[in-house]
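**Q** My structure is below; once you've seen it, I'll send some questions.
Laboratory data are not the source of any read-out in this text; all were calculated from the coordinates shown. Note that the coordinates shown come from a computational prediction; the quantities given were computed from them, not determined experimentally. Note: ideal-geometry Cβ built from the backbone for every residue, glycine included; neighbour counts use all protein chains shown.
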Amino acid sequence: MKPRNNGRPEPDDGQRRLAVLIDADNAQPSVIEGLLAEVAKFGVASVKRIYGDFTSTRATQWKQKLLEHSINPVQQFAYTSGKNATDSSLIIDAMDLMYTGRFDGMCLVSSDSDFTRLAQRVREEGLTVYGFGERKTPDAFVQACDKFIYTEVLRAEVAPGAPAKARPAKQAPKKTTAGAKQEAPPTPSTPAAPVVAKAAVLPLPLELLRRAIEEASDEQGWAHLGAVGSYLTKIRPDFDPRLYGHRKLSDLFKAHARHFGIDERGGAGGSRTLYVRALDRAGA
């Protein structure tokens, strides 16, 4: 184990250790597959816990998801009507995990602004905070995180007009030479309909993108795509190209060639690097 700058041991495999803490009262089971896939982009989910009152009918939809994804449920009874004991339990566990020194970051899954101070405190300790919540999440909580992902872009739904479940086509039974019926061999099932992420596409934030390019650009106005993305995340933790209809930042810029110039340059070992610059407003 190698020492980190913040005093925590660096894992030999180079993987970032993350703790995923889910507020069952403010998260939907339908996003869990996409959420865990998103977490995997940032590191390894060493701890996965969900907090709520699982004796309540509101939490019944979570039960099957917990088994499928090996998420540890933390039962929290509602001791008093109108009081949210779940928040307190999650915050206490988050602080305990933080002080173990075993984690590089924490994923807080909730749309509740009550976790704003928790996110701030975890960041003060040197951990990266990834927030996950719905578009209704208060801006205070969003800004308290290093990176915030809206769960609407993670929720997978069946494409409109597609059947909910594929069924094998029926086939008449065949007859043998003796006149007895013989079951026909099973026919292959129709492929399941593709799933698509459903989220309202927002207007392109032109001024924000231009400012990010300007901050990261060289004297000719060209900016490395990675530097642009890094700047966008710093000033807008909730910036996500998927909110604007594109999976990647490069796809977003390429789709708006009217406003942005793209230059793909060759690098060492045959690698390609993308640079972008803002075009003159007068010609946009």
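**Q** Report, in debye and to the nearest 20, how large the dipole of the stretch 206-283 comes out about its Cα centre when Lys and Arg carry +1 and Asp and Glu carry -1 on their Cβ.
**A** Roughly 260 debye, rounded to the nearest 20.
**Q** Treat each spin label as a single point 7 Å out from the Cα along the C-beta direction, and report the Ala140 to Tyr99 distance in nm.
**A** 2.5
**Q** Through the Karplus equation 6.51 cos²θ - 1.76 cosθ + 1.60, θ set to phi - 60°, convert the phi angles of the stretch 127-141 into ³J(HN,Hα) values in whole Hz; use x for Gly and Pro.
**A** 8, 8, 10, 10, x, 9, x, 7, 4, 7, 4, x, 4, 4, 5
**Q** If the only charges are +1 at each Lys and Arg Cβ and -1 at each Asp and Glu Cβ, what is the size of the charge dipole of the stretch 2-156 around the Cα centre, to the nearest 20 debye? Can you show the working numbers first?
**A** Working: 20 positive and 21 negative charges, 29 e Å.
Dipole magnitude for the stretch 2-156 comes out near 140 debye.
**Q** For the stretch 2-156, compute the number of Lys pairs whose alpha carbons are separated by less than 18 Å, excluding pairs fewer than 8 positions apart on the same chain.
**A** Values: Lys41/Lys147; Lys48/Lys63; Lys48/Lys65; Lys136/Lys147.
For the stretch 2-156, the number of qualifying lysine pairs is 4.
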